[in-house]
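The values are calculated or read from the model by the stated rules, or taken from the named source; none is laboratory data. None of the values given here were measured: they were computed from a predicted structure. Reconstructed Cβ throughout: ideal geometry from the backbone, glycine too, with neighbour counts over all protein chains shown. Just so you know, the surface numbers come from the protein's heavy atoms only, side chains and all, with ligands and any DNA or RNA stripped out. Shrake-Rupley method; radii C 1.70, N 1.55, O 1.52, S 1.80 Å.
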Amino acid sequence: MELPLAPAVRRMSPETLRRLGAGLALLLLAGCETAGMLRPPGRGFAETEVGDPKAASANIESLSEVIRRNPSAEAFNTRGVAHAKVGQFQEAIADFSQAIQSDPNSAAAFTNRALAFRQIGRSDQARLDFDRAITVSPNHAPAYIGRANLLRAQGNLDEALIDLDAAIRLNPESAQAFHARGLIHQKRGDNLRAVTDFDNAIDRDPFAAAPYQARGESLVALGKYDKAIEDFNAALNVDNKSAPAWAWLGLAYDRQGNRAKAAESYQRALSIDPNQPVAKQGGRG
């Protein structure tokens, strides 16, 4: 149950609030190519769950009580995180803006607001905020990752790669950064380098589905169908309602020559998403 956590929020220290707020940049680096911020374009991972709306409402109210007692940048930033996690992006932006007003050097608030702007399609404003986050704190790795995802979505792979190299130098344990860099190598057709980066992402966070999915796609391109099937099954163990994972599993079986399992996997994908392109194409084959 999440509801009993609400009183605990009222007792949070400023340092705890700061850590929670700074964490949004990582939480929001999630999703797939066609989705937005809590799943930003560019398929990251580290999904955030919406959870019980009543619990979320109680948590936001608890944070509002913290703000009434102490309207600090950390408190506004943390409530912004809570709003963003339940899809209330305008409210989140308002809170991050208040945090920035209170502390113009808050790289976390700039990064979080940028990610929220991406969710509502304001990419230009997001870019400005990522830039500001890096200006006020050149060592803030989440801002480089967020900006790289934006640059990749815009087709600027060279600059995105520079940002991800910087993020990895700043935080060599960042699964998100390795995953995002692997996607750039994959998009360029350099699947060997992509697989190495996805390996590193999985080593650092073995419980996220997206790196297995991405590595499986590169393994298919490299003709390593058995290993690709293992990866798609690993992705499905995390999320068995992933249409892309079922579709690519079907493609791997298809390339392997197992038509029966390919057809079954394609059908599972189409039952989840009738427009899944890989499954539609495979199903006609």
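Some notes on this structure:
- Label-point separation in nm, Gln281 to Arg188, each point 7 Å along Cα→Cβ: 2.3
- Carbon-plus-sulfur accessible fraction, the range 135-285 (probe radius 1.4 Å, protein heavy atoms only): 47%.
- Based on protein heavy atoms only, the range 42-201 ends up with 42 Å² per residue of surface accessible to a 1.4 Å probe.
- Computed over the range 216-269, the percent of Cα pairs more than 15 Å apart is 34.
- Rolling a 1.4 Å probe across the protein heavy atoms gives the range 203-281 an accessible surface of 51 Å² per residue.
- Here the calculated FRET efficiency for Ala221 and Gln90, from their Cβ-Cβ distance with R0 = 30 Å, stands at 0.15, rounded to the nearest 0.05.
- On full extension, the segment bounded by Lys241 and Arg255 gains 2.8 nm, given 0.36 nm per residue less the C-alpha separation.
- Heavy-atom SASA rank of Glu159, Glu217 (probe 1.4 Å, accessible area, largest first): Glu159, Glu217
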